[in-house]
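These notes are about the structure you will find just below.
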Amino acid sequence: MERKKKKTPYLYIGLSFIGVILIGTLLLWLPWSTIGGAENMSLIDAYFMSSSAVCVTGLTVIPNVGLTLSIYGKVILALLIEVGGISILTIGVFLLILIGKKVGMSSRFLMKEALNQNSVRGIVKFIKKIVIMSFSFQIIGLIVNMFVFLPEYHNFWKALGISAFHSLSSFNNAGFDIFGGTNSMVPYASNILLNINTMFLIVIGGLGFIVIFDIFKKNNRKKLSLHSKIVLLMTAILIIIGTLVVKLSMGNSITWLQAIFTSVTTRTAGFNTFDMSNLSTPAYIQVLILMFIGASPCSTGGGIKTTTMFLVAITIISITRGKQINVFKRRIAAESAYRAFSLMIISLVWICIACLIVSWVDPEFTFQQTLFETVSAFGTVGLSQGVASSGTLSIVSKIILALTMLFGRLGPLTVLSMWNKNWLNNSNENIRYLEEKLIIG
């Protein structure tokens with residue numbers, strides 16, 4: 001009798017996010033989640049907001065989150081962001097550890113896949129570090145934010161709430177704010193302390209837990225892992241290039257501080273210090289590219305990830321030069337290159353389909369606006385040119401954008417692997433076909 005195969009762990013990962021989104025939808029739909037009552041939050045809007053929070057995106061169908069949500073609604077939104085950033089599976093296993101429960105092998109294996117680890121060895125210790133480190137950085141960010149908001153609001157508890165929410169939203173690359181306005185961080189465009197603190201939290205959250213632990217573990221830069229070297233290199237390159245393109249193409253209409261903030265926040269964070277609808281064409285294209293690439297693996301951000309973009313670029317260069325794929329004196333496995341190209345192509349196809357549907361059902365928006373919103377949703381960025389919060393977006397478009405956020409947060413390969421029956425690589429098929437080359441180009 002053939003042994004029944006276990007379901008792929010990717011299915012449980014996907015279901016965990018979907019489950020939290022549905023719970024969040026119901027909680028945000030309750031009358032006391034909004035100041036004005038249930039009429040201010042329809043079920044579809046609650047679903048959209050829950051998806052945006054759990055997928056740490058920041059796109060919102062509510063023009064003014066700070067003045068629309070009650071304290072209860074803001075707490076629920078914050079919890080959804082926290083759960084979405086660290087993941088419900090990580091938090092669940094951490095709670096089991098806290099109460100002294102033993103983490104079984106099935107749970108360890110599930111977490112290995114969820115955190116992109118190569119082995120279950122040390123996975124429990126790794127989870128402890130993730131949770132402790134996440135809250136440590138958020139507390140530090142909260143304290144720094146207090147120096148900004150306490151003098152402004154003259155109310156300790158209000159300043160504490162806004163400081164905590166902004167720190168949490170920044171580290172988890174969510175992009176939500178509860179300042180009580182509709183312009184995100186535009187009123188704080190010249191506040192150096194808040195800008196630097198926000199950028200620091202965004203970058204730390206976007207680097208990925210693996211890289212952060214590697215940095216703290218190693219004192220000698222040469223001893224960093226290949227993954228960490230690539231992530232740090234790509235992060236620096238993208239921030240520098242993004243800053244230069246945005247500033248040079250927009251001239252005196254923005255400051256250098258706004259330019260570097262834009263370069264950082266487009267890497268899946270979603271805050272903005274100037275109106276995104278005023279982007280120049282070169283800056284618009286650059287922002288699209290940065291949103292598409294996103295953050296790094298095992299981080300709180302989305303997108304195709306920095307390592308994917310790096311591998312695609314280095315593979316193309318290696319092929320054109322007729323050489324093997326070598327990086328930092330290491331040869332990259334061909335399987336990694338296949339996965340990188342597959343991920344990029346699937347992502348582009350999804351964005352094209354989503355953009356096509358939204359353009360079809362909501363033709364009042366320009367193609368530039370629709371494409372910007374779709375890429376922002378996929379990269380779990382949250383930057384907007386006014387489409388989601390317009391108040392006229394159709395139910396179909398809201399669902400498509402919400403699904404795009406989930407697709408971008410989980411990752412295309414994770415979504416497609418949910419139905420992979422051979423995830424254990426235990427297929428008995430030993431057939432080897434003759435190899436033949438196709439004519440390419």
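The values are calculated or read from the model by the stated rules, or taken from the named source; none is laboratory data. Just so we're clear, the structure is a prediction, and the values are computed from it rather than from any experiment. Glycine also receives a Cβ, built like all others from the backbone with ideal geometry; neighbour counts cover every protein chain displayed.
Quick notes on this structure:
- Restricting the stretch 74-127 to residues that are closer than 19 Å to VAL56 by Cβ and among the hydroxyl-bearing types (Ser, Thr, Tyr) leaves a set whose member that is modelled with the highest pLDDT is SER87.
- In the stretch 163-193, residue nearest to the chain's Cα centre (by Cα) [restricted to those that are over 19 Å from LEU59 (Cα atoms) and either of a type in the set (Ser, Thr, Tyr) or buried (at least 22 other Cβ atoms within 10 Å of the Cβ) (or both)]: SER163
- Test: residue in the stretch 264-271 that is hydroxyl-bearing (Ser, Thr, Tyr) and assigned to a loop (DSSP other than H, G, I, E, B): yes
- Of residues in the stretch 391-402 being surrounded by fewer than 16 Cβ atoms within 10 Å (Cβ to Cβ) and not β-branched (Val, Ile, Thr), the one modelled with the highest pLDDT: SER394
- Qualifying residue in the stretch 168-185 (condition: aliphatic (A, V, I, L, M), more than 25 Å from PHE48 (Cα to Cα) and modelled with pLDDT under 95): no
- First in the stretch 308-327 and farther than 14 Å from LEU233 by Cβ, second anywhere and surrounded by fewer than 11 Cβ atoms within 10 Å (Cβ to Cβ), Cβ under 6 Å, 6 or more apart: GLN324/ARG331
- Unique match (being out of contact with any Cys (no Cβ under 6 Å at 6 or more places or on another chain), modelled with pLDDT under 90 and not in a loop (DSSP other than H, G, I, E, B)) among ILE140, ILE130: ILE130
- Entry remark, the stretch 18-47: residues being at pLDDT below 90, assigned to a helix (DSSP H, G or I) and buried (at least 22 other Cβ atoms within 10 Å of the Cβ) number 1 in total.
- Filter pass, VAL231 being part of a helix (DSSP H, G or I), closer than 30 Å to ILE127 by Cβ and touching a Ser or Thr at 6+ places or on another chain (Cβ under 6 Å): yes
- Filtered by the rule that a residue be under 18 Å from the mean Cα position of the chain (by Cα) and buried (at least 24 other Cβ atoms within 10 Å of the Cβ), the stretch 273-292 gives VAL287, LEU290, MET291.
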